[in-house]
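The values are calculated or read from the model by the stated rules, or taken from the named source; none is laboratory data. Note that the structure is a prediction, hence the values are computed from the model and not measured. Positions of Cβ are backbone-derived with ideal geometry, glycine not excepted, and every protein chain shown enters the neighbour counts. Note: accessible area is taken over every heavy atom of the protein model, side chains too, but ligands, DNA and RNA are not part of it. Shrake-Rupley method; radii C 1.70, N 1.55, O 1.52, S 1.80 Å.
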Amino acid sequence: MESLESLRNFAIVAHIDHGKSTLADRLIERCGALEAREMRSQVLDSMDIERERGITIKAQTVRLRYLAKDGKTYVLNLMDTPGHVDFAYEVSRSLAACEGSLLVVDSTQGVEAQTLANAYQAIDAGHTLVPLLNKIDLPASEPDRIRQQIEDVVGLDASDAVLISAKTGIGIEDVLEAIVTRLPAPQGQADAPLKALLVDSWYDAYLGVVVLVRVVDGVLRKGMKVRFMGTASTHEADRVGVFTPKKVEVDELGPGEIGFLTAGIKHISATRVGDTVTEERRPASAPLAGFKPSVPVVFCSLFPTDAGAFERLRDSLGKLALNDASFQFEAETSAALGFGFRCGFLGLLHLEIVQERLEREFNLDLVTTAPSVIYRVHRVDGSILTLHNPADMPNPSTITTIEEPWIKATILTPDTYLGDILALCSERRGVQIELTYVGQRALVIYYLPLNEVVFDFYDRLKSVSRGYASFDYVFADYREGDLVPLNILVNDEPVDALACIVHREQADRRGRALCERLKELIPRHLFKIPIQAALGGRIIARETIPALRKDVTAKCYGGDISRKRKLLDKQKEGKKRMRQFGDVEIPQSAFVAVLKTDREK
Amino acid sequence: MANEGLAVYIHWPWCLAKCPYCAFTSFATPPDEDLWREACQTELAFYAARISARRVGSVYIGGGTPSMMNPATLERLLATIARFWPMESDVEITLEANPATVDAAHFQAFRDAGVKRLSLGIQALREDALRFLGRIHGVKEARQAIEAAVRIFPRLSLDLIYARPGQTPEAWTDEVREALAMGAQHLSLYQLTVDPRTAFATRVRHDGACLEAAPEDSARLFETTQEILREAGFPAYEVSNHARPGEESRHNRAVWRYQDYLGIGPAAHGRLRDGGVRFATENPGRPDVWAERVAAYGHGAVRRQALTREEAQREARLMGLRLVEGLNADRWRRLFNEDLDQSLDSPRVDRLVREGLAVKDAQGFRTTPAGLQRLEAILRYLERGQG
């Protein structure tokens, strides 16, 4: 057990690419937690996908020992946190386990939307913040300007910001001293009943469920019978330990310490993040405040391209859910795409990551439908339907009103692109709340319907700002909207996988765009094919795919028959990748492509 | 029409040089002519023992470049066939020829050996096109060969390749009109397509070269061709084949009508009925492998596959619909002992008829001109209706 005085628990928060994980690497290296041969870039990003995309998805923790200039040895617990808004929930959990944060800002780029969001989250968690200006080794570094920007935009005193280069190691010593001298030590009572915050849990193939805890009061000992107060379950802590970042078993964890326990738990659903762990024999009188559970906000359906892969998809989703409590799925049937799953995600990046992991780690070929949000449908009989699949939209005559989720979006952009960004926001039914200029940059805050953001807002924002605008959002509320179900008919048959819910004012634009895209994506057939967009019974847009004009093999003689016959057989096989609508075959890839971009012509 | 003579195909597997567009089996190595002839004779004997009491309606010597062979070799082969089966009085005997490998004396020797119909692969009447197609002859040689062939053979067919890169409908119109005026009774006009097994395909893969016409251009050229040839009195009787009425290739029409044909020589395929079952035979492409198998088993076939009724009918449909005459109801009954209607998906046939792509009547089922140029799509559509 470590003395409280010698403990420091801290998180690193930053905008994506500002050097958070590299800084973590340097700290681990400096404190000798790993042998040189074990060091690899971004030690804490353990998933391939994290390392490749340079993002952190799961919060990670590591215990470091540091001999400070005052001659004392300190134990530093570092929490590396995700930067992306989709994983804001993971950030808030990590922050709750610490007393202070290092706010990393790229001194060549300056404050970005996630810098702001994460800094405010840390301030809300009661943290002491130490600003770090990173990448000062680069010629484009402007520490004085960025220091001023932190004060102006974030409202944080940056006069004693630490200048570092995580890449070259400049200033790492200063960072360690700042942690020890400027961040507060944790507080807690060693003799009080055990009270530990369940920060995270994940499934490990060898150990079962591993539970990450922050001890607040009391002592967690190996072999202790512990009780999870929220789920009211009791387990024996068969292992207690810390990450260095290797798992190292210890006998006990005292107040202020961060570490893990295993207790022969088979499934993470038995462990609720934010729960309080106490001792069965001498329980705490009241649990810790905990957190709100994370709720999926974006939904889409995943279908295997090959119908035979349905069971494999089910197993793979199950395996992913083992380590991702925020990911939900349930079986679904679509007339267009067959058997698949309706899945819920924290946001678009989360969706993309899950999809990528399924395709890469589980070798599945998927068709993904349009992302959609949760609508609240108020019905004539007074009931409220929570709708997360446009295909389940009830008969309009039974509906009184529909509510949709809105977000509060923060956008930071060089002012050159401001005009286009404001136009984009207003086109997406945005309501402006704030517009502030900071030097050459503008800070814009908007209320936006989430529905308009999930479609292709990121792509459009990136394209109108040439990648310079940064974006972050929090959920605001549910608001009533003039929302209508938009159906797409191919060859006069409605295609459920293409149905969506849109604002009445957007219906014409969206209907036209979808029809135009489908016209490009569906190959020509023997007959011409009408494509229509309909609101209820009213057709609002129509395109026609012309018939094939010529499709015939030039040569076919006696030696060609077998090959030709086999080709026709193969085309029958190829039907698996096509979906049949009467006489029309739609390639599965069209379902994905049609929804990817809503290009303005 | 009841007169359905046996069609005999003999494959000569050598060329002086490989053409970059051609996917037929051929080798640019020195021919082993005697070994080839002897093995062909052995194969003929093998099949003669199984298919007796049939008359031979056509013999087709294809390749490769069979005009490379010694006319005496051909004479001996034809004598072998005549020894095993009675020849019909109007038997069609066709030889494929390359303008670079023949002169008038050589032509006369083939004619004396029994060849009645020459199929001359001139491919183009433009020097740049011949170079692009990798041909070893020029326009002058082609014209001389045509003039000699018209004089010597009762029937002549010319092969041309069109829809070449950059070829306009106007340029092609001039070229094909020149070809029409040269005295042949039959023209095979193929749009250039890049087969994956050819040198052109390698070029497309490596340099991203675009050698095939764009769909709209291809359609326009095809339609133009149909019109010109019809007006000139050479209506299409198959997708790419045109003839003065009565001058159709009897041999190839038998194949498209799905009648029995013997495949002799390397890479040759055959379809033969034996005790009510239809067999597909497939010979190996390499001459040495084929010859060894013939020596060992009396025939070269690496596969002799009994086709199911469904497979045979699918083949009959995909071949028969290439003909303008389409699928004939009486002939179908003789082939399969079953009504043609039973093998067609009637709602789909009705839709094709309604859309003006096909005709269905007492004679049978056939495409309209609009349907013929969309045949692959029609076949896919019909075959899906087959469950």
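Anything in the range B:365-387 that is more than 10 Å from chain A (Cβ to nearest Cβ), open to solvent by less than 40 Å² (accessible area, probe 1.4 Å) and assigned to a helix (DSSP H, G or I)? List them, or say none.
none
Considering only the range B:197-215, I want to know if a residue exists there that is within 11 Å of another protein chain (Cβ to nearest Cβ), open to solvent by 30 Å² or more (accessible area, probe 1.4 Å), assigned to a loop (DSSP other than H, G, I, E, B) and within 21 Å of A:Arg565 (Cα to Cα).
For the range B:197-215, residues within 11 Å of another protein chain (Cβ to nearest Cβ), open to solvent by 30 Å² or more (accessible area, probe 1.4 Å), assigned to a loop (DSSP other than H, G, I, E, B) and within 21 Å of A:Arg565 (Cα to Cα): present.
State whether the residues of the range A:122-139 include one that is open to solvent by less than 10 Å² (accessible area, probe 1.4 Å) and closer than 30 Å to A:Ala286 by Cα.
So in the range A:122-139, the residues open to solvent by less than 10 Å² (accessible area, probe 1.4 Å) come out as A:122, A:130-134.
Next cut, closer than 30 Å to A:Ala286 by Cα only: A:122.
Within the range A:122-139 (the criterion being open to solvent by less than 10 Å² (accessible area, probe 1.4 Å) and closer than 30 Å to A:Ala286 by Cα), the answer is yes, since at least one residue qualifies.
If you go through the range A:335-354 one residue at a time, how many are part of a strand (DSSP E or B) and open to solvent by 10 Å² or more (accessible area, probe 1.4 Å)? Steps first, answer last, please.
Let us first name the residues in the range A:335-354 that are part of a strand (DSSP E or B), namely A:338-345.
From what is left, the residues that are open to solvent by 10 Å² or more (accessible area, probe 1.4 Å) are A:338-339, A:342.
Summing the residues that are part of a strand (DSSP E or B) and open to solvent by 10 Å² or more (accessible area, probe 1.4 Å) in the range A:335-354 gives 3.
Quick check on the range A:434-455: of everything there that is farther than 27 Å from A:Leu351 by Cβ and assigned to a strand (DSSP E or B), which residue is least open to solvent (accessible area, probe 1.4 Å)?
Pass one, the range A:434-455, residues farther than 27 Å from A:Leu351 by Cβ: A:434-443.
Pick out the ones that are also assigned to a strand (DSSP E or B) and you get A:434-438, A:441-443.
Values: A:Glu434: 76, A:Leu435: 66, A:Thr436: 50, A:Tyr437: 132, A:Val438: 23, A:Arg441: 31, A:Ala442: 0, A:Leu443: 17 Å².
Among those that are farther than 27 Å from A:Leu351 by Cβ and assigned to a strand (DSSP E or B), it is A:Ala442.
Looking at the range B:162-196 only, could you name the residues that are over 22 Å from B:Pro245 (Cβ atoms), in contact (Cβ under 8 Å) with a residue 60 or more places away in the chain and open to solvent by less than 30 Å² (accessible area, probe 1.4 Å)?
Passing the criteria: B:Tyr162, B:Leu192.
Working only within the range A:5-25, note down all residues that are open to solvent by 50 Å² or more (accessible area, probe 1.4 Å) and in a helix (DSSP H, G or I). Before you say what the answer is, go through the steps one by one.
As a first pass, look at the range A:5-25 and keep what is open to solvent by 50 Å² or more (accessible area, probe 1.4 Å): A:5, A:16-17.
Matches in the range A:5-25: A:Glu5 only.
Quick one: is A:Lys72 open to solvent by 20 Å² or more (accessible area, probe 1.4 Å), of a type in the set (D, E, K, R), modelled with pLDDT of 90 or more and at positive phi? Please lay out each step first, then the result.
Working: open to solvent by 20 Å² or more (accessible area, probe 1.4 Å): yes; of a type in the set (D, E, K, R): yes; modelled with pLDDT of 90 or more: yes; at positive phi: no.
No: the conditions fail for A:Lys72.
Can you pull out every residue in the range B:268-306 that is within 13 Å of chain A (Cβ to nearest Cβ), outside any strand (DSSP E or B), open to solvent by 20 Å² or more (accessible area, probe 1.4 Å) and within 26 Å of B:Leu335 (Cα to Cα)?
B:Val302
Output the residues belonging to the range A:293-310 that are exposed (fewer than 15 other Cβ atoms within 10 Å of the Cβ), part of a helix (DSSP H, G or I) and touching a strand residue (DSSP E or B) at 6+ places or on another chain (Cβ under 9 Å).
A:Ala307
Return yes or no: is B:Arg351 in contact with a Phe, Trp or Tyr (Cβ under 9 Å, 6 or more places away or on another chain) and in a helix (DSSP H, G or I)? Outline the logic, then answer.
Numbers: in contact with a Phe, Trp or Tyr (Cβ under 9 Å, 6 or more places away or on another chain): yes; in a helix (DSSP H, G or I): yes.
Taking the combined requirement at face value, the residue satisfies it.
Each row is one residue, and each column tells you yes or no for (1) open to solvent by 10 Å² or more (accessible area, probe 1.4 Å); (2) within 14 Å of chain A (Cβ to nearest Cβ); (3) of a type outside the set (Gly, Ala, Ser).
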| site | (1), (2), (3) |
| --- | --- |
| B:Glu315 | no, yes, yes |
| B:Asp330 | yes, no, yes |
| B:Glu338 | yes, no, yes |
| B:Ser343 | no, no, no |
| B:Pro347 | yes, yes, yes |
| B:Glu355 | yes, yes, yes |
| B:Val359 | yes, no, yes |
| B:Gln363 | yes, no, yes |
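Filter the range B:228-253 down to the residues that are in a helix (DSSP H, G or I), under 29 Å from B:Leu77 (Cβ atoms) and open to solvent by 10 Å² or more (accessible area, probe 1.4 Å) and list them by number. Walk me through it before giving the result.
Going through the range B:228-253, the residues in a helix (DSSP H, G or I) turn out to be B:228-231, B:250-253.
Narrowing the set further to residues that are under 29 Å from B:Leu77 (Cβ atoms) leaves B:250-253.
Of everything in the range B:228-253, those that are in a helix (DSSP H, G or I), under 29 Å from B:Leu77 (Cβ atoms) and open to solvent by 10 Å² or more (accessible area, probe 1.4 Å) turn out to be B:Arg250, B:Asn252, B:Arg253.
Quick check on this structure: which one of A:Gly230, A:Gly254, A:Gly264, A:Gly344 is touching a strand residue (DSSP E or B) at 6+ places or on another chain (Cβ under 9 Å), in contact (Cβ under 8 Å) with a residue 40 or more places away in the chain and on the phi > 0 side of the Ramachandran plot? So that I can check it myself, show each step before the final result.
On the way: A:Gly230 fails: on the phi > 0 side of the Ramachandran plot; A:Gly254 fails: on the phi > 0 side of the Ramachandran plot; A:Gly344 fails: on the phi > 0 side of the Ramachandran plot.
The conditions single out A:Gly264.
Give me a count of the residues in the range B:254-267 that are of a type in the set (Ser, Thr, Tyr) and in a helix (DSSP H, G or I).
Taking the range B:254-267 as the starting set, the residues that turn out to be of a type in the set (Ser, Thr, Tyr) are B:258, B:261.
Add one more test, that the residue is in a helix (DSSP H, G or I), and what stays is none.
Residues meeting the conditions: 0.
Those residues that are out of contact with any Ser or Thr (no Cβ under 8 Å at 6 or more places or on another chain) and buried (at least 16 other Cβ atoms within 10 Å of the Cβ), I need them from the range A:157-174; list them, please.
So in the range A:157-174, the residues out of contact with any Ser or Thr (no Cβ under 8 Å at 6 or more places or on another chain) come out as A:157-162, A:164-165, A:168-170, A:172-174.
A:Ala158, A:Ala161, A:Val162, A:Ile164, A:Ser165, A:Ile170, A:Ile172 - these are the residues of the range A:157-174 that are out of contact with any Ser or Thr (no Cβ under 8 Å at 6 or more places or on another chain) and buried (at least 16 other Cβ atoms within 10 Å of the Cβ).
Counting just the residues of the range B:118-135 that are among the hydrophobic types (A, V, I, L, M, F, W, C) and not in a loop (DSSP other than H, G, I, E, B), which one comes out surrounded by the most Cβ atoms within 10 Å (Cβ to Cβ)? Step through it out loud before you land on a result.
From the range B:118-135, those among the hydrophobic types (A, V, I, L, M, F, W, C) are B:118, B:120, B:122, B:124-125, B:129-130, B:132-133; that's our starting set.
If we keep only those that are not in a loop (DSSP other than H, G, I, E, B) too, we end up with B:118, B:120, B:122, B:129-130, B:132.
Working: B:Leu118: 29, B:Leu120: 26, B:Ile122: 24, B:Ala129: 22, B:Leu130: 21, B:Phe132: 20.
In this case the residue turns out to be B:Leu118.
Within the set of pairs 6 or more residues apart or between chains, which connect a residue that is farther than 25 Å from B:Glu33 by Cα inside the range B:290-310 to a residue that is surrounded by 18 or more Cβ atoms within 10 Å (Cβ to Cβ) and not aromatic (Phe, Trp, Tyr) with Cβ atoms less than 7 Å apart?
Here the result reads B:Arg304/B:Thr281; B:Gln305/B:Ala280; B:Leu307/B:Arg278; B:Leu307/B:Ala280, each pair linking the range B:290-310 to a residue that is surrounded by 18 or more Cβ atoms within 10 Å (Cβ to Cβ) and not aromatic (Phe, Trp, Tyr).
Is there any pair with a first residue in the range A:268-279 that is closer than 19 Å to A:Val240 by Cβ and of a type in the set (Asp, Glu) and a second that is part of a strand (DSSP E or B) and open to solvent by less than 10 Å² (accessible area, probe 1.4 Å) whose Cβ atoms are under 7 Å apart and which are 6 or more apart or on different chains, and what are they?
Between residues of the range A:268-279 that are closer than 19 Å to A:Val240 by Cβ and of a type in the set (Asp, Glu) and residues that are part of a strand (DSSP E or B) and open to solvent by less than 10 Å² (accessible area, probe 1.4 Å), the close pairs are A:Asp275/A:Leu198; A:Asp275/A:Phe228; A:Glu279/A:Val226.
Do you know which of the residues in the range B:317-338 that are at pLDDT below 95 and outside any helix (DSSP H, G or I) is nearest to B:Arg273 (Cα to Cα)?
It comes out as B:Asn337.
Looking at this structure, is A:Ile258 at pLDDT below 85 and among the β-branched types (Val, Ile, Thr)?
No; evaluated as a whole, the condition is false for this residue.
Suppose we filter B:Val91, B:Val102 for residues that are modelled with pLDDT under 95 and not acidic (Asp, Glu); which single one remains? Before you say what the answer is, go through the steps one by one.
On the way: B:Val91 fails: modelled with pLDDT under 95.
After applying the criteria, what remains is B:Val102.
Going by the conditions given, is A:Gly558 under 30 Å from B:Tyr261 (Cα atoms) and touching a strand residue (DSSP E or B) at 6+ places or on another chain (Cβ under 9 Å)? If you could, list the steps in order and put the result at the bottom.
Numbers: under 30 Å from B:Tyr261 (Cα atoms): yes; touching a strand residue (DSSP E or B) at 6+ places or on another chain (Cβ under 9 Å): yes.
Against the criterion (under 30 Å from B:Tyr261 (Cα atoms) and touching a strand residue (DSSP E or B) at 6+ places or on another chain (Cβ under 9 Å)), A:Gly558 qualifies.
Looking for something surrounded by fewer than 17 Cβ atoms within 10 Å (Cβ to Cβ), of a type in the set (A, V, I, L, M) and touching a strand residue (DSSP E or B) at 6+ places or on another chain (Cβ under 8 Å) - is there at least one such residue anywhere in the range A:192-203?
yes
Which residue is modelled with the highest pLDDT, if the candidates are limited to the range B:273-294 and must be more than 20 Å from B:Pro66 (Cβ to Cβ) and out of contact with any Gly (no Cβ under 9 Å at 6 or more places or on another chain)?
My answer is B:Arg278.
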